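Heads up: the structure comes next, in structure tokens.
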2 protein chains.
Amino acid sequence: MLTRIDHIGIACFDLDKTVEFYRATYGFEVFHSEVNEEQGVREAMLKINDTSDGGASYLQLLEPTRPDSTVAKWLDKNGEGVHHIAFGTADVDGDAAAIKDKGVRVLYEEPRRGSMGSRITFLHPKDCHGVLTELVTSAPVESPEH
Amino acid sequence: MLTRIDHIGIACFDLDKTVEFYRATYGFEVFHSEVNEEQGVREAMLKINDTSDGGASYLQLLEPTRPDSTVAKWLDKNGEGVHHIAFGTADVDGDAAAIKDKGVRVLYEEPRRGSMGSRITFLHPKDCHGVLTELVTSAPVESPEH
């Protein structure tokens with residue numbers, strides 16, 4: 001079951017400048033940043049609020065690391081803007097399978113690694129009224145050692 | 001201060017079909033629907049989660065009611081997809097004024113009526129790295145009579 005808006009993925013040409021825009025304009029700070037070589041992106045997660053399912057909602061700012069990445073091609077066509085939306089679930093495998101059974105194309109055979117150790121998959125935008133839609137299961141929160 | 005992702009605004013050609021897609025695919029139900037003649041849209045709000053600031057996050061599905069509305073023109077150019085994102089604040093007037101002082105164009109002189117009695121304004125997408133950005137202050141919650 002999808003229980004939160006996990007993040008809004010925003011494609012940009014220059015991650016540092018875009019991070020600075022969000023900081024200076026709204027006061028949003030970088031919660032986490034990483035490079036995902038598989039996806040060909042450098043990204044920053046800005047945490048906006050916590051959510052009622054125990055998770056949180058973020059903006060995910062994405063800059064391509066290579067010209068043949070999906071995000072680079074998308075930027076060439078569309079310019080900067082909202083690239084995808086993501087819903088959080090405790091069970092990305094089960095939800096992806098159930099959604100595939102309803103006739104929506106799921107883009108990965110198996111979930112892949114997303115931000116902050118999450119497991120993610122994507123649904124085909126043409127099957128989702130034009131919206132590239134991601135499903136995310138967050139990494140388990142590690143208990144502090146004691 | 002912006003304290004939540006209030007909603008993601010998604011433009012569609014046929015509101016009823018799109019509502020049915022979100023219900024059948026994900027189980028999301030319509031929380032509220034209305035026509036906003038000023039904006040030239042018929043809309044459905046699907047509540048996804050509550051947020052840590054006492055508000056909630058929604059998907060807002062938007063169908064134009066007339067061909068000269070902003071959303072109709074946007075659909076002609078882009079097809080269906082994410083039209084805007086919205087952040088919730090307790091003080092849309094104060095935040096809009098502060099953001100305007102930073103050089104970001106605010107599209108309304110004064111906030112206007114948004115979904116569910118909220119007060120809203122928009123920031124120019126060219127000043128926001130391509131993202132049409134809305135600021136929302138929800139209507140006060142009415143206390144039950146007693």
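Of the residues making up the range A:50-69, just one is within 8 Å of chain B (Cβ to nearest Cβ), assigned to a loop (DSSP other than H, G, I, E, B) and of a type in the set (D, E, K, R), namely A:ASP53. Within the set A:LEU75, A:LEU59, the sole residue that is under 15 Å from the mean Cα position of the chain (by Cα) and within 18 Å of B:GLY81 (Cα to Cα) turns out to be A:LEU59. Within the range A:113-138, being among the small types (Gly, Ala, Ser) and either under 11 Å from the mean Cα position of the chain (by Cα) or part of a loop (DSSP other than H, G, I, E, B) (or both) holds for A:GLY114, A:SER115, A:SER118, A:GLY130, A:SER138.
Let's see how each residue does on (1) more than 30 Å from B:LYS77 (Cβ to Cβ); (2) surrounded by fewer than 20 Cβ atoms within 10 Å (Cβ to Cβ); (3) among the basic types (Lys, Arg):
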position	(1), (2), (3)
A:ASP68	no, yes, no
A:ALA72	no, yes, no
A:ASN78	no, yes, no
A:GLU109	yes, yes, no
A:THR121	no, no, no
A:THR133	no, no, no
A:THR137	yes, no, no
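I'd like to verify a number: residues in the range B:84-95 that are small (Gly, Ala, Ser), within 27 Å of B:TRP74 (Cα to Cα) and surrounded by fewer than 23 Cβ atoms within 10 Å (Cβ to Cβ), how many? Final tally of qualifying residues: 0.
Considering the conditions (1) outside any helix (DSSP H, G or I); (2) of a type outside the set (S, T, N, Q); (3) more than 16 Å from the chain's Cα centre (by Cα); (4) within 13 Å of chain A (Cβ to nearest Cβ), B:ALA86 is excluded by exactly one of them, (3). For the range B:6-21, a residue qualifies if it is in a helix (DSSP H, G or I) and either at the interface with chain A (Cβ under 7 Å from one of its Cβ atoms) or buried (at least 22 other Cβ atoms within 10 Å of the Cβ) (or both), and the qualifying residues are B:THR18, B:PHE21.
Checking the range A:34-49 against the condition returns no match, with no residue being among the hydrophobic types (A, V, I, L, M, F, W, C) and not in a strand (DSSP E or B). With respect to being within 10 Å of chain B (Cβ to nearest Cβ) and part of a loop (DSSP other than H, G, I, E, B), A:VAL141 falls outside the description.
For beta carbons closer than 8 Å, sequence separation of 6+ or different chains, a first residue in the range B:65-77 that is aliphatic (A, V, I, L, M) and a second that is surrounded by fewer than 18 Cβ atoms within 10 Å (Cβ to Cβ), the qualifying pairs are B:ALA72/B:ARG66; B:LEU75/B:PHE13.
Just one of (1) part of a loop (DSSP other than H, G, I, E, B); (2) more than 8 Å from every other protein chain (Cβ to nearest Cβ) fails for B:PHE28. It is (2). In this structure, B:THR3 qualifies as assigned to a strand (DSSP E or B), modelled with pLDDT of 95 or more and either within 11 Å of chain A (Cβ to nearest Cβ) or in contact with a helix residue (DSSP H, G or I) (Cβ under 6 Å, 6 or more places away or on another chain) (or both). Against the list (1) under 20 Å from A:PRO125 (Cβ atoms); (2) part of a loop (DSSP other than H, G, I, E, B); (3) modelled with pLDDT of 95 or more; (4) more than 12 Å from chain B (Cβ to nearest Cβ), the condition A:ALA72 fails is (2). If you go through the range A:89-112 and keep only what is facing chain B (nearest Cβ under 8 Å) and part of a loop (DSSP other than H, G, I, E, B), you end up with A:LYS102, A:VAL104.
Matching residues to (1) in contact with a Phe, Trp or Tyr (Cβ under 9 Å, 6 or more places away or on another chain); (2) at pLDDT 95 or above; (3) surrounded by 15 or more Cβ atoms within 10 Å (Cβ to Cβ):
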position	(1), (2), (3)
B:PHE28	yes, yes, yes
B:HIS32	yes, yes, no
B:VAL35	no, yes, no
B:GLU38	no, no, no
B:VAL41	no, yes, yes
B:LEU46	yes, yes, yes
B:ASP50	no, yes, yes
B:ALA56	yes, yes, yes
B:THR65	no, yes, yes
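The values are calculated or read from the model by the stated rules, or taken from the named source; none is laboratory data. In this text, all values refer to a predicted model and were calculated from it rather than measured experimentally. Please note: Cβ atoms are built from the backbone with ideal geometry, for glycine as well, and neighbour counts cover all protein chains shown.
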